[in-house]
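The values are calculated or read from the model by the stated rules, or taken from the named source; none is laboratory data. Keep in mind it's a predicted model, so treat the numbers as computed, not measured. Ideal geometry is used to build each Cβ from the backbone, glycine not excepted, and the neighbour counts take in all protein chains shown. For the accessible areas, the whole protein counts, side chains as well, though only heavy atoms, and no ligand, DNA or RNA atoms are used. Shrake-Rupley method; radii C 1.70, N 1.55, O 1.52, S 1.80 Å.
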Amino acid sequence: MPALTDRDLTIVAPSLPPGLDTPAVVVDLDRVEANLAGMQRRLDERGVALRPHTKTHKSVRFAALQRDAGAVGLTVAVLSEAQLFADAGFDDVFVAYPVWAGGPKAARLRGLHERIRLTVGVDSVEGAVALGRALEGADRPLRVLVEIDSGELRTGVAPDGALPVAQAAADAGLDVAGVFTHGGHSYRGPQRVADAAADETDTLHRSVAALRGAGFAVDTVSAGSTPTALRSATGPVTEERPGTYIFGDRQQTNLGGADPASIALAVATTVVSTASGARQCVIDAGAKSLAKDRPGWLDGHGVIPGLPGAVITSVYDHHGIVALPDGVPVPDVGEQFAVVPNHVCPVVNLSDDLIITRDGGQVDVWPVDGRGLRA
Ligand SMILES: Cc1ncc(COP(=O)(O)O)c(C=O)c1O
């Protein structure tokens, strides 16, 4: 099992307000604001727009902060998230996903298109045809971006496959506005990030050349993941779509996507048992609070800065088992600790609401409006 990294050991968790009913998800609003302003400023300096992915927070109030900080619009993964934000008054939303416009989705897609400036992803001729069918007779064409695979091998065509999809989309009456990619292979380890960012710009560059060569007026070239956002914001790229940057998490600090002192979200937990007699304690946050995401290159299910070197070796639904290194005393039952999760996005999706703090004190509770939305 890989060891804890130096970056884990320097993570400064948000302070927990006293007396919390745990497990609870705590968000340091001062840090959120700094993270939003920092990303916005750096992209502004590069002349690249920010269209944050909202799957990280799934919350109208955080999206409003992103808009106020200068975001040009929002990115979502699914139509129901787009509907949530359209209902809240956001009028420019990109569904960065190859939406299959069959069944009830066709009518939902059309309804949204009639209300806002909607853009969706497409990576197949069949998908383009289905989108065109869903929008038949609409008063203006639907904007689509052709998805390019930059090395993640998830969705998206190779750069030389962009043109047939774009042509099918145009034939289906869609407005081919450009291309997008997600350098998600950056998550395969800290040593992969620089190359993944270069892959994003390179594959976008090649696909834009192919589309422009065939007469398409490409206006949007969209890249993005939190680890790669600042590196790939160059060349043909017109916008970036990081999402996790709003809160950061343990994985991001290790990938260089978040400063260890900038982590804005933690799961507050209480030690509920030390009865085993082993050099461990049991916390009341298990898989239903911390999720189970664990990249192969990180040990444990989150990091507890208040217990340096401790490893959350396993999670049950409601129990987290924390192995303690020599020299760290076994905490008392009832003590509370902040856990910085490995991957923040599923953690937010497991919580109805978020405890909002400033200067370590609770100032509000915000709902996770889009909790559970997935279609
Ligand atoms: C298509 C797409 N764009 C942008 C993002 C945001 O990336 P990150 O979570 O690294 O901020 C994601 C995340 O999964 C994604 O799938």
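The numbered conditions (1) crowded, with 24+ Cβ neighbours inside 10 Å; (2) farther than 30 Å from Leu324 by Cβ are all true for Val218 except (1).
In segment 286-303, the qualifying residues are those that are of a type in the set (A, V, I, L, M) and over 18 Å from the mean Cα position of the chain (by Cα), and the one that is farthest from Pro23 (Cα to Cα) is Leu298.
Taking the conditions (1) within 26 Å of Val144 (Cβ to Cβ); (2) crowded, with 18+ Cβ neighbours inside 10 Å in turn, Asp87 satisfies each one other than (2).
In segment 296-339, of all residues being modelled with pLDDT of 95 or more and aromatic (Phe, Trp, Tyr), the one that is nearest to Pro14 (Cα to Cα) corresponds to Phe337. Output the residues belonging to segment 232-244 that are away from the ligand (no atom under 12 Å from the Cβ) and surrounded by 21 or more Cβ atoms within 10 Å (Cβ to Cβ). Ala233, Val237, listed by residue number.
Whether any residue in segment 53-62 is more than 16 Å from the ligand (Cβ to nearest atom) and either open to solvent by 20 Å² or more (accessible area, probe 1.4 Å) or within 24 Å of Val95 (Cα to Cα) (or both) is what I want to check. Taking every residue of segment 53-62 in turn, at least one turns out to be more than 16 Å from the ligand (Cβ to nearest atom) and either open to solvent by 20 Å² or more (accessible area, probe 1.4 Å) or within 24 Å of Val95 (Cα to Cα) (or both). Within segment 46-81, being over 20 Å from Val120 (Cα atoms) and of a type in the set (S, T, N, Q) holds for Ser59, Gln66. For Leu9, the conditions (1) touching a Pro at 6+ places or on another chain (Cβ under 7 Å); (2) within 21 Å of Pro227 (Cα to Cα); (3) surrounded by 16 or more Cβ atoms within 10 Å (Cβ to Cβ) all hold with the exception of (3). Which numbered condition in (1) surrounded by 19 or more Cβ atoms within 10 Å (Cβ to Cβ); (2) small (Gly, Ala, Ser); (3) farther than 30 Å from Pro331 by Cα is the only one that Ser262 fails? Evaluating Ser262 over (1) surrounded by 19 or more Cβ atoms within 10 Å (Cβ to Cβ); (2) small (Gly, Ala, Ser); (3) farther than 30 Å from Pro331 by Cα leaves (3) as the failure. Exactly one residue out of Gln251, Gln191 is farther than 16 Å from Val144 by Cβ and more than 16 Å from the ligand (Cβ to nearest atom): that is Gln191. Note on segment 327-375: enclosed strands (runs of 3 or more DSSP E) holding 1 or more residues that are closer than 20 Å to Leu65 by Cβ are 353-358, 361-367. Restricting Val129, Val95, Val176 to residues that are surrounded by fewer than 23 Cβ atoms within 10 Å (Cβ to Cβ), at pLDDT 95 or above and away from the ligand (no atom under 16 Å from the Cβ) narrows the list to Val129. The numbered conditions (1) open to solvent by 20 Å² or more (accessible area, probe 1.4 Å); (2) within 19 Å of the chain's Cα centre (by Cα); (3) over 23 Å from Gly178 (Cα atoms) are all true for Thr22 except (2).
Scanning segment 194-224 for residues that are among the small types (Gly, Ala, Ser), within 11 Å of the ligand (Cβ to nearest atom) and in contact with a strand residue (DSSP E or B) (Cβ under 9 Å, 6 or more places away or on another chain) turns up Ser222, Ala223, Gly224.
Across segment 132-173, the number of residues qualifying as among the acidic types (Asp, Glu) and either closer than 20 Å to Glu239 by Cβ or within 16 Å of the ligand (Cβ to nearest atom) (or both) comes to 3.
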